[in-house]
Amino acid sequence: MTDLKSMTPEELTAWCKAQGQPGFRGKQLFQWFHRGVSSVEEMTDLPKALRELILREEGFSAPIVERKQVSKLDGTIKYLWRLRDGNCIETVLMRYHHGNSVCISSQVGCAMGCAFCASTVGGRVRNLTAGELLDQVIFTQKDSGAPISNIVLMGIGEPLDNYENVRKFLTLVNHKDGINIGMRHISLSTCGLVPGIDRLAEEGLQLTLSVSLHAPDDETRSRLMPVNRAFGVDTLLAACRRYFEKTGRRISYEYAMIDGVNDTPRHGALLAQRLEGTVAHVNLIPLNYVEESPLKPSTRVAEFQKQLEKRGVTATVRRRLGSDIDASCGQLRRKAMAETARDGGKEGSSCGFSMGTD
Ligand code: SAH
């Protein structure tokens, strides 16, 4: 299979030439992909021979809307897309005053196993290709009619665990011949894979790095996030300092506030102490309730924020969007998977069929 949607115009040009087609067809293909065509026939200005070639090579597929939830409160839209192999992934469109933002998934499932996250159920099935990452942006824009100006890699999966494809996606989405979204309008969120952070720092991109910290000490963090046993808080914060030194970009720390677990005054003091004097921003997120989880949302968010601000650490509380539609990570996919299991996997509810078979 030739994965045409994961190619740059330059690579598509080379591919076209290798097929005996004129090189300019490469740029045409790239532009069609960025318009969100759902079938090869829609690319009307391509010669039939080229369209047939693409079909023969299986070089083209488009995601299908498996489910779609629209928030009555704020217009947030959550998509569950079905991919060519039957796997499903989530994408969320969020509307802000400063523009529309799309939150995309980087993997089918996730291997990181964070205690509070719905995406880890069933583990990591497979990485998404660069083309599948791009399609989430393009098809969300096409289906919703909302022009996308910002991208956050904060959906299902760990982007730095799919480094090559995510890096390629950044090139595609930033390309002048395509949707051309600037690096400053892209955020990437990681649970703290230190080698990936260092690799990204070397690239010197102008994107925003978000780090899911969630606790200032190893004991609490290892309880919540298994990745902390490999890269502890000191190691992670040192990598963040290196990232800032290399790129000059302020790091954003995510902190999901969990009742009695990471929200005590002791945690606040330690977090402030660790971040004091660094160029950082803390995003306090009221924990989204995940079914069957014993973890509960904190009731101390405002006090915690004040505690940080008093010590000169900038902290904001994230506004919850789409709270009426399960808009947080992995919840819709998880629901669809549970329903599939209950129905004995009957036709029509096909999400998650290939779980664990990869
Ligand atoms: N793997 C990446 C990106 C995906 S998760 C990462 O860990 O950063 C996106 C963000 O949502 C992370 O900060 C994650 O910790 C957070 N998150 C996951 N489940 C949550 C929940 N139930 N409530 C609040 N935030 C959650």
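The table for this structure:
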item: Output for region 155-199, where each listed residue is over 23 Å from residue 246 (Cα atoms) and within 16 Å of the ligand (Cβ to nearest atom); result: 155, 156, 157
item: Odd one out for residue 94, checked against (1) within 17 Å of residue 181 (Cα to Cα); (2) open to solvent by 20 Å² or more (accessible area, probe 1.4 Å); (3) away from the ligand (no atom under 15 Å from the Cβ); result: (3)
item: Verdict on residue 129 being farther than 22 Å from residue 325 by Cβ and touching a residue at least 40 places away in the same chain (Cβ under 8 Å); result: yes
item: Scan of region 1-13 for residues that are at pLDDT 95 or above and open to solvent by 60 Å² or more (accessible area, probe 1.4 Å), ordered by number; result: 10, 11
item: Count of region 279-298 residues which are over 20 Å from the mean Cα position of the chain (by Cα) and surrounded by 15 or more Cβ atoms within 10 Å (Cβ to Cβ); result: 4
item: Boolean, residue 159 is surrounded by 24 or more Cβ atoms within 10 Å (Cβ to Cβ) and either at pLDDT 95 or above or within 12 Å of the chain's Cα centre (by Cα) (or both); result: yes
item: Residue pairs meeting the criteria (Cβ under 6 Å; at least 6 apart or on separate chains; first over 18 Å from residue 108 (Cα atoms), in region 142-158; second more than 7 Å from the ligand (Cβ to nearest atom) and hydroxyl-bearing (Ser, Thr, Tyr)); result: 150/101
item: Filter pass, residue 229 being open to solvent by 60 Å² or more (accessible area, probe 1.4 Å), modelled with pLDDT of 95 or more and within 16 Å of the ligand (Cβ to nearest atom); result: yes
item: Cβ-Cβ under 8 Å pairs, at least 6 apart or on other chains, region 182-200 side modelled with pLDDT of 95 or more and crowded, with 19+ Cβ neighbours inside 10 Å, far side among the acidic types (Asp, Glu) and outside any helix (DSSP H, G or I); result: 189/254; 190/158; 191/158; 193/158
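Rundown of residues vs (1) touching a residue at least 60 places away in the same chain (Cβ under 8 Å); (2) in a helix (DSSP H, G or I); (3) closer than 19 Å to residue 139 by Cα, yes/no style:
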position	(1), (2), (3)
13	no, yes, no
33	yes, yes, yes
41	no, yes, yes
46	no, no, no
50	no, yes, no
61	no, no, yes
67	yes, no, yes
72	yes, no, no
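The values are calculated or read from the model by the stated rules, or taken from the named source; none is laboratory data. Note that the coordinates shown come from a computational prediction; the quantities given were computed from them, not determined experimentally. Cβ: placed from backbone, ideal geometry, glycine included. Neighbour counts: every protein chain shown. Ligands, DNA and RNA are stripped out before the accessible areas are found, and what is left, the full protein with its side chains, is counted by its heavy atoms. Shrake-Rupley method; radii C 1.70, N 1.55, O 1.52, S 1.80 Å.
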